[in-house]
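Report on the structure given below.
The values are calculated or read from the model by the stated rules, or taken from the named source; none is laboratory data. Not measured: the values here are computed from a predicted model. Virtual Cβ from ideal backbone geometry, glycine too; neighbours counted across all protein chains shown. These accessible areas exclude ligands, DNA and RNA; they are computed on the full protein's heavy atoms, side chains included. Shrake-Rupley method; radii C 1.70, N 1.55, O 1.52, S 1.80 Å.
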2 protein chains.
Amino acid sequence: MSRNLAVSAARIAADIDALAAITDPGRPWTRRAFSDLFLQGRAYLETQFRAAGLETHIDTAGNLIGRRAGRNAKAGTIMLGSHSDTVPDGGRFDGVAGVVVALEVARGLKEAGIELEHNLEVADFLAEEVSIFGVSCVGSRGMAGIRPDEWLGREAEGMTLAEGIEKVGGKPALQIARDDIRAFLELHIEQGPVLEGEKLDIGVVTAIAGITRVEIIVEGRADHAGTTPMDRRADALAAAAHVVLAVETLAGELAATPGHFAATTGEFEMWPNAANVVPSKVRMLLDIRSEHRDDLGEFLTGLESCLEGIARDNGVAIAAPRLVSDNPAMPMDPLVMETLDAACETTGAAHRRMASGAGHDAAFMARIARAGMIFIPCLSGRSHAPEEWAENADIALGAEVLLEAVKRLDTKLMEQ
Amino acid sequence: MSRNLAVSAARIAADIDALAAITDPGRPWTRRAFSDLFLQGRAYLETQFRAAGLETHIDTAGNLIGRRAGRNAKAGTIMLGSHSDTVPDGGRFDGVAGVVVALEVARGLKEAGIELEHNLEVADFLAEEVSIFGVSCVGSRGMAGIRPDEWLGREAEGMTLAEGIEKVGGKPALQIARDDIRAFLELHIEQGPVLEGEKLDIGVVTAIAGITRVEIIVEGRADHAGTTPMDRRADALAAAAHVVLAVETLAGELAATPGHFAATTGEFEMWPNAANVVPSKVRMLLDIRSEHRDDLGEFLTGLESCLEGIARDNGVAIAAPRLVSDNPAMPMDPLVMETLDAACETTGAAHRRMASGAGHDAAFMARIARAGMIFIPCLSGRSHAPEEWAENADIALGAEVLLEAVKRLDTKLMEQ
């Protein structure tokens, strides 16, 4: 990387290494939300935010905010950010790269002497990952005013979520949706293999795919595995095997059409699960990610038709799939996407449009602001694992794209 | 049933009802080996054995034996029997029917004033079912001299198996194979649907099928279910689904050829079993029942070939199937089978030859004696469940067949 960047790859590397060092030493790289390690990480970030000329505070939702006022008091805010919490063993880049890059953009603007019309805010969102309380995106939901009140009573490790938010400095009783944010930008590792496979620098995210969870239960009959002839069985496992393959086939067909689509049988339990008994029951939980709502409908219609045939052919009962949860896709803002594309061109980053199969804070920020995301490549698409890796040069190029996009948005948003 | 039987259907019903009443009241019908209820059941049986003119004792292996001496001291023994212990919730007929029928044959012979050349013994074998100690056929293995010594140290519910055998009156240190038993006969419910389906009274068992257990492990790759494109996955569950269907297909083909064959994927576990992660690993345990050893070989060869193709097509690793246990089939004695066929003809019982897919005490008695079994129909093939049911008339007809077979064997064996 010989480009003359406005951002410092070395500072980015130093910040990522410093945060990686703040880990449970027995299981790198672990810094879960609400833990003392998490507060140590935030203390490091706060120091760096201040050194970058940002005023810091913890907002009511528990997010760490670094802020620099803009020239135009009425212009509102451009926010950059991601999260510094991790899953257990969770990797050094997931979330962290986005926070560090946001910080570096603030430093780069300061060093270049660039003043913006808009306020600039850098955010470290609280508890993006599923935390000890079993829920995700606590901070971004709170900032968008849609963190469910009933979550506050959830208990884990001797505290409630409300007490956890207070521990980090938030005020859980005061949930107010922000209405001053004009644009939100987040950089994240792709957590998939597409950019690496296509040797691209940047993915401009078109949408955070919807996540739909569907439960399927197959009911057969428990028979003696020794005495029941093969043609007299109602084997729930054999029927469920057909279901698993139907899910894979239907999803493969939809994945080959425009727009992100994936379906996974992620949970699979069988009863009685005894060596000498023909399986009587199987429960499956499907995880379905769809960028286009039509694809989800087509999948579920096709699946129901398959299930009828499988039930008939195997002599088992399969109830209609039960919708366990359904969060539709969240499209990113067209103006922001165009700006990010243009910023890629200016910085010479090879880029493509792509949906995000994973959830991100940007999905909640999109409810209150024009939101956009860029992905950078990660090694073999690995994430949520110790071996997660992103090249520092790729992160630095992403920072350069974001800095360019901020400058462009600062102008464009004034014209809107 | 208007035949003039030498056995009493009413007495059989009374015995079965009396034993059914000796159950854990909260979960009928439960009378597990080594429990106080089990000893109550045995006390009932011992009283009935004595009333039938049998001398009773507990042998060193812990079996309850009722004995009537024959006319010819050198002729040896004809033994009838089964087991009175049950699985949890385990049914009123599995084992019990065989013990009660053996007792009724002794009563029938006594009432008819028939003296045998051979000694007659009625046996209630100890712990045929998998007991709290996790092993089966403790009493019949002991009588055959092949109960593994290392089993004696197994502990459960505050006692060792050795102490359990002592509790019921056995002498675990003195394991001696019997060598005086000339023939062993056992009646048992079929525990399958064949006789009921074909409207037959009796199945003359040709062999206790072999039981082979094989473990298959599929190793794929854990990927993010949202971000990993469908065509970039190594989904262990999808591959395992193909394995399950291959097992079903191969077994179905062999089941359609002469000789009992069945294969069941009875255990199935998946990792990480998390909704949003592509499955990385599946472990399956196959239960394979084969009357003919060649069928087992053909199945395993066919399976290995399928696994290679499945691994290749799905981008996963499947190690060669691991043999967890392998107990070959135990054929029943030809002379005994012919005698049982003839006894069916004499008593007017509609009969067929068939293998036993389940294990029985007869499989161990066959190591030290000419052994044979008859099956009687049971409702819908259900067993090891509260709804297990056999018609009393069917049990009584079975007793009649056994009584006739004993008379015939008493003569035939003297000619051998």
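Can you confirm whether the stretch B:358-367 contains a residue that is over 14 Å from the mean Cα position of the chain (by Cα) and open to solvent by 10 Å² or more (accessible area, probe 1.4 Å)?
yes
Considering the stretch A:295-327 alone, what residues qualify as being of a type in the set (S, T, N, Q) and assigned to a strand (DSSP E or B)?
Once the filter is applied, which keeps residues that are of a type in the set (S, T, N, Q) and assigned to a strand (DSSP E or B), the stretch A:295-327 yields A:S325, A:N327.
Residues A:A97, A:A52, A:A69, A:A75: which one is within 19 Å of the chain's Cα centre (by Cα) and either open to solvent by 10 Å² or more (accessible area, probe 1.4 Å) or modelled with pLDDT of 95 or more (or both)?
On the way: A:A52 fails: within 19 Å of the chain's Cα centre (by Cα); A:A69 fails: within 19 Å of the chain's Cα centre (by Cα); A:A75 fails: within 19 Å of the chain's Cα centre (by Cα).
Of A:A97, A:A52, A:A69, A:A75, the one residue that is within 19 Å of the chain's Cα centre (by Cα) and either open to solvent by 10 Å² or more (accessible area, probe 1.4 Å) or modelled with pLDDT of 95 or more (or both) is A:A97.
Give the residue that is surrounded by the most Cβ atoms within 10 Å (Cβ to Cβ), with candidates limited to residues of the stretch B:304-339 that are of a type in the set (S, T, N, Q) and modelled with pLDDT under 95.
Ranking the candidates gives B:N327 first.
Taking the options B:R352, B:R370, name whichever one is touching a Phe, Trp or Tyr at 6+ places or on another chain (Cβ under 9 Å), within 19 Å of B:P334 (Cα to Cα) and open to solvent by 40 Å² or more (accessible area, probe 1.4 Å).
B:R370
Got a sec? Which of B:V204, B:V214, B:V218, B:V243 is open to solvent by less than 30 Å² (accessible area, probe 1.4 Å), in a helix (DSSP H, G or I) and either facing chain A (nearest Cβ under 9 Å) or of a type in the set (V, I, T) (or both)? Give the derivation first.
On the way: B:V204 fails: in a helix (DSSP H, G or I); B:V214 fails: in a helix (DSSP H, G or I); B:V218 fails: in a helix (DSSP H, G or I).
Unique residue meeting the criteria: B:V243.
Quick check on this structure: which one of B:A405, B:A396, B:A342, B:A363 is within 14 Å of another protein chain (Cβ to nearest Cβ), modelled with pLDDT of 95 or more and outside any strand (DSSP E or B)?
The match here is B:A363.
Please go through the stretch B:259-280 and give me each residue that is over 19 Å from A:R233 (Cα atoms), more than 8 Å from chain A (Cβ to nearest Cβ), assigned to a loop (DSSP other than H, G, I, E, B) and not polar (S, T, N, Q), ordered by number. First the steps, then the outcome.
So in the stretch B:259-280, the residues over 19 Å from A:R233 (Cα atoms) come out as B:269-280.
Add one more test, that the residue is more than 8 Å from chain A (Cβ to nearest Cβ), and what stays is B:271-272, B:280.
With assigned to a loop (DSSP other than H, G, I, E, B) added as a condition, the list becomes B:272, B:280.
Selection gives B:P272 alone.
Any residue in the stretch B:45-67 that is in the same structural domain as B:G108 (by TED's automatic domain parsing) and under 15 Å from B:L120 (Cα atoms) sitting within a Cβ distance under 7 Å of a residue that is surrounded by fewer than 19 Cβ atoms within 10 Å (Cβ to Cβ) and of a type in the set (S, T, Y)? List the pairs, counting only those 6 or more apart or interchain.
Final answer for the pair search is B:F49/B:T56; B:R50/B:T56; B:L64/B:T56; B:I65/B:T56; B:G66/B:T56.
How many residues, within the stretch B:221-239, are open to solvent by less than 20 Å² (accessible area, probe 1.4 Å) and more than 8 Å from every other protein chain (Cβ to nearest Cβ)?
3
Which one is surrounded by the fewest Cβ atoms within 10 Å (Cβ to Cβ) among residues in the stretch A:100-128 that are hydrophobic (A, V, I, L, M, F, W, C) and part of a loop (DSSP other than H, G, I, E, B)?
So, considering only residues that are hydrophobic (A, V, I, L, M, F, W, C) and part of a loop (DSSP other than H, G, I, E, B), the one surrounded by the fewest Cβ atoms within 10 Å (Cβ to Cβ) is A:A112.
Kindly list the number of the only condition in (1) within 14 Å of the chain's Cα centre (by Cα); (2) within 14 Å of another protein chain (Cβ to nearest Cβ) that fails for B:E387.
B:E387 satisfies every listed condition except (1).
Of the conditions (1) outside any helix (DSSP H, G or I); (2) over 17 Å from the mean Cα position of the chain (by Cα); (3) modelled with pLDDT under 95, A:S380 clears all except one; give me its number.
(1)
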